Amino acid sequence: MRGRENLVASLCDRGLLTSPAIERALRSLDLEKWLPPELRGLAYANAPIPFHANFRGAVLPSPTALVALLQLLDLRPELNVGIVGGCAGYPAALVAKAMEGGHVTLAEVDANLREVAARNLDDAGLDERVTISDDLTEGPFQRILVLDPTQRPMREVSGRLADPGFVVSRGSSPEQLAFQKRIRSGGEDLDLSITDMPAGPPGAGEGRAVMWSRLLIRDALVEHAWEARLVGHHDTHFAEGIDETFAGGPLDTKIHDLDTTRLAARRAFHAAYILQSLGELEDAEDLYLRSLCLFPTAEGHTFLGWTYSFRGDLNRAIDECKLAIETDPSFGNPYNDIGAYLIELERPDEAIPWLKSAIESTRYCCYFYAHTNLGRLYMLRGQTQLARKHLEEAVKINPGYEPAMDLLRRLNRQTDYVA
């Protein structure tokens, strides 16, 4: 798992963190101390994370998004800065640390979250630099950062701006997948949408540049996962996959009342699965590891192995699957995955007993995968009757599973099968 120095170095190397003042602030504050003990294992994940045991409405933006917002503030000495949305006081502390002199007002409508932020800022020795209230009352402000548009959208806080001054926010709807900036100068307001990555040093982040819109979509999906919110069909798709994967296991919310740590482990897995599906394998690996540290599960080891397989490290993927089996021998996925990895390694004979174990497992949502893999193996060995038996069983379990249907069509045409 990455730590503070690795995360900051990564942001710098990718050309995303270009402000020396913000870099110093990130290095000087230990995020773990701003999180409750049950959630400290999540600190420095490159994704949104919860900052309170009550996950709903209490999610810190990803480091990438937070750094982008702070740099868009263009902090200068002696500014009066307002922040909407507490996030346990951590962003306010970063602003106070990055800005020489000046003052920060933190507006948070939730009284419990105001209390958490006040305690954290006091422990950091920043209580005199940051005022906490339920609204922005100490204006006018040269800069306003809106972290939680549901509390006060940009258009409402604009009235508290000094002239000159500006307010920065993330887009809050699918039509605003960009960072928003409203500049006030000479009595006029100018609205900007910032969609491109900032320019970094030459060669930084080469080949990895993305639009801000993609980051905001990714972060929204992860935030919804932490908060258990279903905003659109993508949220529903991922949530259904997670429910199916954990069904019957120790993190099945339908049969267990999960404490904060176990719920965090489940939702960290959910966030990792989203990142994996988006192709962000390094960040997915990091979050799977954090999920396993919070509460070890066969699901976590299996899906961590999946990320290794996508990166071409099949032997490491097999090792994770074996750890999954040690954790919960009833979980069928790792048996099938080992079989699939052995097929890729051109060791088909070794794969057969693992695939048979997947079929015999008592907790597996996708038996048709193992039947299809066995059908494919038996086709390679010329054992067409066995192949047909397993492929027909796969289609019986999942009538719409095209790979099994295609192999059956090949058998029916009596064509030669080449892997």
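Nothing in this text is a laboratory measurement; each read-out follows from the coordinates by a stated rule. For clarity, every value in this text was computed on a predicted model and none was experimentally measured. All Cβ positions, even for glycine, are placed from backbone atoms using ideal geometry, and neighbour counts span all protein chains on display.
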Q) In deg cm²/dmol, rounded to 500, what helix-only [θ] at 222 nm does the chain give when every DSSP H run of at least 4 residues adds -39500 (n - 2.57) and the total is split over its residues? A) -15500 deg cm²/dmol
Q | Overall form of the stretch 306-363 per C-alpha gyration tensor (a/c, 1.5; a/b vs b/c) | A | oblate
Q) In debye, nearest 20: dipole of the stretch 212-413 around its Cα centre with unit charges on the Cβ of K, R (+) and D, E (-)? A) 820 debye
Q. Once you sort the root eigenvalues of the Cα gyration tensor of the stretch 212-413 as a ≥ b ≥ c, which label holds: rounded (a/c under 1.5), prolate (a/b larger than b/c) or oblate (the other case)?
A. prolate
Q) Reported to two decimal places, what Rg/Rh ratio describes the stretch 4-194 when computed on Cα atoms with Rh from the Kirkwood expression? A) 0.93
**Q.** Dipole magnitude of the stretch 258-338 about its Cα centre (Cβ charges: Lys, Arg +1; Asp, Glu -1), debye to nearest 20
**A.** 180 debye
Q: Would you mind working out the magnitude of the charge dipole of the chain relative to its Cα centre, with +1 at each Lys and Arg C-beta and -1 at each Asp and Glu C-beta, to the nearest 20 Debye?
A: 740 debye
Q. Where both partners of a DSSP beta bridge lie in the stretch 4-194, what percent of those bridges are antiparallel, to the nearest 5?
A. 45 percent
Q: Compute the signed sum of charges (Lys and Arg +1, Asp and Glu -1) over the other residues within less than 12 Å, Cβ to Cβ, of ALA317.
A: -3
Q | Of LYS254/LYS322; LYS322/LYS389; LYS254/LYS389; LYS33/LYS97, pairs whose Cα-Cα distance is over 23 Å | A | LYS254/LYS322; LYS322/LYS389; LYS254/LYS389
Q. Using θ = phi - 60° and the Karplus curve 6.51 cos²θ - 1.76 cosθ + 1.60, what whole-Hz ³J(HN,Hα) does each residue of the stretch 403-409 get, with Gly and Pro shown as x?
A. x, 5, 5, 5, 5, 5, 4
Q.
From the C-alpha coordinates alone, can you work out the Kirkwood hydrodynamic radius of the stretch 319-419, in Å?
A. 13.5 Å
Q) For the chain, what ratio Rg/Rh do Cα atoms give with a Kirkwood hydrodynamic radius? A) 1.07
Q: At q = 0.11, 0.15, 0.17 Å⁻¹, what is the base-10 log of I(q)/I(0) for the stretch 24-99 according to the Debye formula with one equal point scatterer per Cα and no solvent? Please give it to two decimals.
A: -0.27, -0.50, -0.64
Q: List PHE331, PHE295 from most exposed to least, where exposure is judged by having the fewest other Cβ atoms within 10 Å.
A: PHE295, PHE331
